[in-house]
Amino acid sequence: MERLSWTGALGPWLVPALEAALVALALAALAHPLALLAGYRLGPGPEAARSGPGRAARLTGGLLRLSLWALAAALAAFLIGGLLVPPEAKGILGRIATRLWPVWLSLGASFALVALFRRRLGLLGHLLGNPAGAVGLALVMFWVFAALFADQIAPFDPITDVIAGMKNKPPGTPLPAPEGTYGYYLLGGDALARDVFSRAVAGARVVLAIAPAATLFAFMVGITLGLPAGYLGGRLDLLLSFLANLVLAFPVILLFFLLVTPEIVAMGVPTYMAGALFLFPLIFLTILWNSRFRTRPPLRAALIGATLVLGGWLYAGLAWNADPFGVVSMPAGVLIVFVSVVFVNAPSVFRIVRGLTLDIRTRDYVAAAQTRGEGPWYIMLWEILPNARGPLLVDFCLRIGYTTILLGTLGFFGLGLAPESPDWGTSINAGRGLLQFVPFPPLVPAVAIMSLVLGMNLLADGLREESLRE
Amino acid sequence: MAGFIIRRLGVMALTALCMTFIVFLLTNLQPNLEKLAKTQAGARITDAEVASWIDRNGYGAPMLTRYGEWLGVLPAPLATDADGRAVGGRCLRGHPGLAADEVPRFCGVLQGDWGYSTKFRRPVTEVIAERLQRTGLLMAWAFATMVPLALIVGVLAGMREGSALDRGLSTLSIATTSTPEYVSGVIFVALFASSMVGLKWFTGSAKSAVEGATFQNFTLPVATVALYGMGYIARMTRASMAEVMTAQYIRTARLKGLSFRAVVLRHALRNALIAPFTVIMLQFPWLLTGVVIVEALFVYPGFGDALVQGAQNNDIDLLLAVSVVAVIVVLATQLLSDIGYALLNPRIRVA
């Protein structure tokens, strides 16, 4: 078998179309700002402001839009064409598109569902009408589904499938003896002869398992400490703010190097930190139920009991690796990475929550609740927090992206996760030595990180615009 | 203003003390010291020898005492043998062979003695000075490209909120903030320095930039550092510009018949640049992470590389010195940005 080409049988038609669209886009992108600027200079006074951009600017603007659509159409044609042509005519792109079919199916289904119930979904429904938000949502959902279906998508095992003769091979290289397995390394082989494509897909699972969960924990810590700091103020606020600023003043990279060295791990510092940080969700939920259902003791007891039993079980397993049933546990490397990411993020969340609380506590409904005789924790958790949800939601999305970047940074320096772990940062680290000669092993995970973070940032941007509009 | 600065300086000093103590604590834990003893005195020494090495070289005292000695506010004890010759102690590190009475009693950071790097086998001050120079060059170029570009992009995007130009530039800014240095660096090298694309315009390593930075070997590192921070500054500038453009005095200027250009350049720009100033100052600590990544990726032996080497080789004095410098830079930029903001913005009165 010979090496696959990128585009397969579709290439001769689609590549020129793509090139034409790209050239048109570049020309329009250059011409449009110039036309706009020229239009501004010509306008002397308020009339120009009302009449809007001139004819030249309208023309280049239209061209810009048209070439963008053409580019999108050409790319979509690659995907759909790649899916539809017979297997022997498929190029690398077509084969990748085919491997990803569960993702396309679920993406289509979920977007169809959202579009169908758009009216009833509130903010999520509005997002579809916002181009940036919709693209962001699509990118994020793409990686979520890729992580979910990683086992079906990846043709090889990301860690154990080391195939002789495939070391540092370029994309589309056929296996020397493809018996009973997939015939090609679609995006080439890495320095240990593993499949780059499979590792990138499996890496999505690692990253998406850690980043959102770590962000959630950071939010629990930040909210539990930020609400009383902002609402009660005084010495508590002074102390907590000083501590938060202390952690924030550390350059992130220094903190990582200090927390994730083998000596520190040997002293058990990450475990103690996990012991402290993982308590916060428990505290948060307990206070939440207690303040809300104080007047209904049976319900309160049931909720708090359930929280403590379930949470305590998870806590023992995750933080101390002491689950009595041996079900819940966290690998040591993952725990270290998780804890350091939570620790870095929690102070910024604290500052945001504190600032929002300081703003909201002067509102009338807070005064009304105080007059009603509600306790401070009820006011903080059930009056202030729900009204701070908009900015917090936006920050949550942004922060998942930032956490992904932090995870990549840790991996890039080989801190925390095991060296054979398929996560993107570790893969970049493994491939960067030979980057100039074998670019694909680090390039693929790099593009993966970028697209996921871009998706998160676009989603956050869309959410911010839509929530401002409401 | 003076009171404000003095109060800020006080908080800063307290923060610096706390931070350096934390770093000291984390780098001087027992496993670190044992590893250090083994790398310095031989890997096969017994546990008793390790303990005596630690005691003799002044690592045996309680943590707080050692921190005071490192700071230079407590005298460091000197270990002598039966003949009264100095054999070890904090002040003897890096100067072997000094007679016992020549060894200073205090030798901490305050006395200018930053210790001895076990990795580079030179005094830490020399290593740090040399590397700060190199990183300073990188940072200066990165700032010189990043700040003007970001301000232009932000002002252009923010002067007409919601226009096509705004949308395009804002998306561009979001894209750059989503591209951390290790991603953009890898993409740049793959595009412009690898045999895959074959452009080979630049070199993929900045090692030769130590002898002299040229366009060829320094462009990619500078571009990589600048790109990630650019989007953030541009977004802040855009937000600030968009807010200024809705202000009453801008409308007044338009109504009195000034051209859009004159309004933007003469009236809006100055006020719109106050907020980004703070952001630009606060980019320094962010840039440190970027610098560490870029120096690792492009093999440039600067300050960031010293951090990595210090951490990976258990070089306690070097890592401490790097941390002190980093902490001081962070705190100083915070102070400067506060003062600058108060000075630039006439609405803020500091008592």
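Computed from the coordinates by the stated procedures, all read-outs in this text should not be read as laboratory data. From a predicted model like this one, the values you see are computed outputs, not experimental measurements. Note that we place each Cβ from the backbone using ideal geometry, even for glycine, and neighbour counts take in every protein chain shown.
Suppose we flag trypsin sites (Lys or Arg not before Pro) only when DSSP calls them loop and at most 16 other Cβ atoms lie within 10 Å. Which is the longest uninterrupted stretch of chain B? Maximal segment without exposed cleavage sites: B:257-346. Full extension of the chain between B:Ala61 and B:Glu126 yields a length gain of 20.6 nm, computed as 0.36 nm times the residue separation minus the alpha carbon distance. Across all directions, the average flat footprint of the convex hull enclosing the Cα atoms of the range B:125-344 is 14.3 nm².
From the Cα gyration tensor of the protein assembly as shown, with a ≥ b ≥ c the square roots of its eigenvalues, which class applies: rounded if a/c is under 1.5, or else prolate if a/b is larger than b/c, or else oblate? It would help to have the intermediate numbers written out before the result.
Values: a/c = 1.39, a/b = 1.23, b/c = 1.13.
Rounded, since a/c falls under 1.5.
Classify the range B:35-113 as rounded, prolate or oblate, taking a ≥ b ≥ c as the square roots of the eigenvalues of its Cα gyration tensor: rounded when a/c is under 1.5, otherwise prolate if a/b is larger than b/c and oblate if not. Cα axes put the range B:35-113 in the oblate bin. Ranking A:Ile253, B:Gln40, B:Leu156 by Cα position along the charge dipole of the protein assembly as shown, where only Lys, Arg, Asp and Glu carry charges on their C-beta atoms, puts B:Leu156 farthest toward the positive end.
Close amide H contacts of B:Arg122 (hydrogens built in the peptide plane, cut-off under 5 Å, sequence separation of 5 or more or a different chain): B:Ser117.
Remark: the range B:1-64 carries a charge dipole of roughly 300 debye about the Cα centre, counting +1 on each Lys and Arg Cβ and -1 on each Asp and Glu Cβ.
Applied to the range B:50-66, the Karplus parametrisation 6.51 cos²θ - 1.76 cosθ + 1.60 on θ = phi - 60° returns per-residue 3J(HN,Hα) values of 4, 4, 5, 4, 4, 5, 5, 8, x, 9, x, 5, x, 4, 5, 4, 5 Hz, with x for Gly and Pro. Note on chain B: with charges restricted to the Cβ of Lys and Arg (+1) and Asp and Glu (-1), its dipole about the Cα centre is near 1760 debye. Derived scalar couplings between HN and Hα for the range B:16-23 equal 4, 4, 4, 5, 5, 5, 4, 4 Hz in order, rounded to whole Hz, by the Karplus curve 6.51 cos²θ - 1.76 cosθ + 1.60 (θ = phi - 60°), x for Gly and Pro. Backbone geometry of the range A:427-435 corresponds, through the Karplus equation with coefficients 6.51, -1.76 and 1.60 at θ = phi - 60°, to 3J(HN,Hα) couplings of 5, 4, 4, 5, x, 6, x, 9, 3 Hz, x marking Gly and Pro. For chain A, the fraction of alpha-carbon pairs lying more than 33 Å apart is 51 percent, rounded to a whole number. Select from A:Trp143, A:Pro87, A:Ile153 the residue farthest towards the positive end of the dipole of the range A:83-180; place +1 on Cβ of Lys and Arg, -1 on Cβ of Asp and Glu, and compute about the Cα centre. Working it through, the farthest residue towards the positive pole turns out to be A:Trp143. Unpaired Cys in the protein assembly as shown, meaning no second Cys C-beta under 4.7 Å: A:Cys397, B:Cys18. Considering only B:Tyr300, B:Thr214, B:Trp114, the residue lying farthest towards the positive end of the dipole of chain B is B:Thr214, judged by Cα position with unit charges set on Cβ.
GluC sites (Glu not before Pro) within the range B:39-146: which are DSSP loop residues with at most 16 other Cβ atoms inside 10 Å?
Numbers: sites: B:Glu49, B:Glu69, B:Glu102, B:Glu126, B:Glu130; in loops: B:Glu102.
Counting only loop positions with at most 16 other Cβ atoms within 10 Å, the GluC sites (Glu not before Pro) in the range B:39-146 are B:Glu102.
Loop-located chymotrypsin sites (Phe, Trp or Tyr not before Pro) in the range A:238-339 (DSSP state not H, G, I, E or B) with no more than 14 neighbouring Cβ atoms inside 10 Å: A:Phe325. Which of the three applies to the range A:207-438, rounded, prolate or oblate, going by the alpha-carbon gyration tensor with a ≥ b ≥ c and a/c under 1.5 meaning rounded? Prolate, because a/c is 1.5 or more and a/b exceeds b/c.
Taking the Cα centre as origin and putting +1 on Lys and Arg beta-carbons and -1 on Asp and Glu beta-carbons, what dipole magnitude results for the protein assembly as shown, to the nearest 20 debye? Walk me through the intermediate numbers first.
Working: 62 positive and 46 negative charges, 589 e Å.
That gives the protein assembly as shown a dipole magnitude of about 2820 debye.
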